[in-house]
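> Got a structure for you, questions after.
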Amino acid sequence: MDPNLLYWKSKGQSVFSRLQIWVNLLDPTHLLSSDAEIQEARSLLGGGENLNIKDGQALALSLSSVHADSGAVLPLVFRPAALLPVSAPLVVASFLPHSSVKHALFWQFLLQGYSAGFNHANRNSSSEQSKTTSLKQLLLIAGAVSYATCAGALPQIVINRLRVRSAPIQTFFRSILPIPLSAVLAAFSVLMVRSEESETGIQVFDSNGNPVGLSKAAGEKAVRETALSRAALFGTTAAVPNLLVLLLKRTRLFQKNSLLAAPLRHISVAFVLGLMIPVSFSLFPQLGTIRTENVEEQLQAAADGRQLYYHRGL
């Protein structure tokens, strides 16, 4: 088993412990390390027997920069620590009350494109024989980005095309509808981009770290858990700032100074996103478990315990 996964098995089985780990791994200074430094840090871990090495920086660098299945260094912009600095301006811009549909589509395309790239880069790739992305997967990614872009801009499209002038209806489309829409589209992106894991299966391991085989049931569970965590991330990021602004608009301060609403919304979106990233990453274990009776029959015969382990991806 990969040393990164061994660490998650020993240290990341409770939500609180995972949250502590992710707060450390999301340190943006990890992005300043070169590929050579990352590979050197990974080499210090060996086959997993040195997980308690004194140099915790090497372990953190490996966990935050190296793909657990392939052992390859993740692209810089798709590493976990890059999610906040890259996506924050895209999320803020996508929630703006744009003057035209083109602007809404543009920012939604950037956000959905980045989300799809992040989901693909951090997927479970244990069943893939080739390092190149298949044509089917490319089409799924392109389709997911296109559909999510149009759906994400739907509130702006309705307001512009129907020329909505009613304040309550505008409030619904600008502040209420984006909350469930953001959650659904975030989950949809994961389900589409990582659909091959459910179709081909992912590698499962026994308690000793020995590979047992490919399981579609484990693949479905891994994708479903990740989709739920991503829905929680973007749904909460959309809900808290919008509801906060709606409540504060009723106060005298905001009624006299209406221009305060926009900067408050932008700052709160970035703040909530930053808080929710480690929380959403911690909702489910990186090294997930599935009961032996829930996997395929041929794997049940090869299993030596009551549960099997799998890499969930991110």
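> Largest first and to the nearest Å, give the Cα extent of the chain along each principal axis.
65, 42, 33
> I've got another one for you. Return the Rg/Rh value of the stretch 120-193, two decimal places, where both radii are evaluated on C-alpha atoms and Rh is the Kirkwood radius.
1.17
> In percent, how large is the relative contact order of the stretch 205-295, given Cα pairs closer than 8 Å and 6 or more residues apart?
Relative contact order here is 40 percent.
> Let me ask another. Suppose a student asked you for the relative contact order of the chain, using Cα pairs under 8 Å spaced at least 6 residues apart; what percent would you report?
Across the chain, relative contact order equals 20 percent.
> Counting each DSSP H run of 4 or more residues in the chain as -39500 (n - 2.57), what helix-only mean residue ellipticity at 222 nm follows after dividing by all residues, to the nearest 500 deg cm²/dmol?
Result for the chain: -19500 deg cm²/dmol, rounded to the nearest 500.
> Volume per residue, Å³, of the convex hull around the alpha-carbon atoms of the stretch 143-277?
127 Å³
> Tally up the carbon and sulfur contribution to the accessible surface of the stretch 250-314 as a whole percent, 1.4 Å probe, everything protein left in place.
57 percent
> Taking R0 as 22 Å, what's the FRET efficiency between Leu283 and Leu244 from their Cβ-Cβ distance, rounded to 0.05?
The computed FRET efficiency comes out at 0.45.
> With θ set to phi - 60°, apply the Karplus curve 6.51 cos²θ - 1.76 cosθ + 1.60 along the stretch 223-235 and write out the HN-Hα couplings as whole Hz, x wherever there is a Gly or Pro.
5, 5, 5, 5, 4, 5, 5, 6, 5, 5, 4, 7, x
> Taking only protein heavy atoms into account and a 1.4 Å probe, give the accessible area per residue of the stretch 241-305 in Å².
Heavy-atom SASA per residue in the stretch 241-305 reads 58 Å².
> Just subtract the alpha-carbon distance of Arg224 and Ile169 from 0.36 nm times their residue separation and send over the number in nm, one decimal.
16.4 nm
> Going from most exposed to least, what order do Lys11, Lys221 have by accessible area with a 1.4 Å probe?
The ranking, largest first, comes out as Lys11, Lys221.
> So what's the angle, to the nearest 10 degrees on a 0 to 90 scale, between helix 15-25 and the longest Cα principal axis of the chain?
For 15-25 against the chain, the angle is about 80 degrees.
> With label points built 7 Å along Cα→Cβ from the Cα atoms of Gln39 and Leu135, find their separation and express it in nm.
3.3 nm
> Take the alpha-carbon positions of the stretch 214-299, form their convex hull, and give its projected area averaged over all directions (one quarter of the hull surface) in nm².
6.8 nm²
> Stokes-Einstein at 37 °C, 0.692 mPa s, Kirkwood radius from Cα pairs: D for the stretch 90-163 in µm² s⁻¹?
Translational diffusion coefficient: 241 µm²/s.
The values are calculated or read from the model by the stated rules, or taken from the named source; none is laboratory data. From a predicted model like this one, the values you see are computed outputs, not experimental measurements. All Cβ positions, glycine included, derive from the backbone under ideal geometry; neighbour counts span all protein chains shown. Side chains included, ligands, DNA and RNA excluded: accessible areas come from the protein's heavy atoms. Shrake-Rupley method; radii C 1.70, N 1.55, O 1.52, S 1.80 Å.
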